[in-house]
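Have a look at the structure below before the remarks.
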Amino acid sequence: MRYVEVRREVCMTAREIYEARLVAGTWGNVSAWVDDVMVITPSGMDYGTLSPEDMVIVNGEGEVIEGFFAPSVETPLHLAIYKNRPDVKGIVHVHSPYATAFAVARRPIPVILEETAQAIGHEIPVAPYAHCGSEELAHHVVRTLGQDKKAVLLANHGLITVDVSPSAALRACYIAERTAMITLFAEQIGSINILADEDVKCLYEKFKNYGQKKDR
Ligand SMILES: [Zn+2]
């Protein structure tokens, strides 16, 4: 079996989004890009019992080249992102409740916490609505992500994050969800204060350098 480590990381990330209740049932999906192929979660399987061998490997055209199951229905969305963003090596898509509330209201999640600035670095915008699994949804998300964003809300659907690995993308999901939750709590108390653009930029750059030093 090829790509054992990558299969393991995709599988563990999928199990974690289920256990952390970022998705219900078999919704949500996780992928990684390695050597011009994509390792992605299978469609409609119970995440609680998923194992690395269940992951599906598809080529750039979305054809299965290794695996026993059909790939996630969001395969066109994941592939479109990797094609447009060579810096992205991991993608996580969840239906977590607080972020999804913003997606339903079609309102961006603001940068109100230092951790949002550090790990995501921008307001999380909303991609226009399109049916799940459609090429149209892929097109909207790719356009909204642009060349530098890490997280996008899918209108009336959920959240998608991209990063250098599935684990890094998962961290962005947790932070987006927490930011959405705290925004809603703060609004119960009074008005929210959004961090200034220059502070967001500075915090993001500092955190990026810190991470690079640590990896060396
Ligand atoms: Zn979804």
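Read-outs throughout are calculated quantities, based only on the coordinates presented, and are distinct from any laboratory measurement. Since we're looking at a predicted model, the values are computed, not measured. Quick reminder, even Gly has a Cβ in these numbers, built from the backbone with ideal geometry, and neighbours come from all protein chains shown.
Cα axis of helix 75-84 to longest principal axis of the chain: angle in degrees, 0 to 90, nearest 10? Result, in degrees: 70. Only alpha carbons enter this Debye calculation for segment 4-215, each as an equal point scatterer, and the log10 of I(q)/I(0) it gives at q = 0.10 Å⁻¹ is -0.40. Mind checking the angle between helix 197-215 and the chain's longest principal axis? C-alpha axes, 0 to 90 degrees, to the nearest 10. Helix 197-215 sits at roughly 40 degrees to that axis. Of all the options LYS150, LYS206, LYS83, the one that moves most in a Gaussian network model of the chain with Cα springs shorter than 10 angstrom is LYS206.
Calculated [222 nm] ellipticity per residue, helices only, for the chain: -14000 deg cm²/dmol; basis is -39500 (n - 2.57) per DSSP H run with n ≥ 4, divided by all residues, nearest 500.
Normalised by the number of residues in segment 133-216, the average gap of Cα pairs under 8 Å and 6 or more apart makes the relative contact order 13 percent.
Lysine pair count for the chain (Cα-Cα distance under 24 Å; residues 8 or more apart in sequence or on different chains): 23.
Considering only ALA80, ASN193, VAL126, and ranking their Cα positions along the charge dipole of segment 4-215 that arises from unit charges at the beta-carbon of Lys, Arg, Asp and Glu, the one farthest toward the positive end is ASN193.
Sequence gap at least 6, Cα distance under 8 Å: using those rules, report the relative contact order of the chain to the nearest whole percent. Working shown, then result.
Values: 432 pairs, mean separation 44.1, N = 216.
Normalised by residue count, the contact order of the chain is 20 percent.
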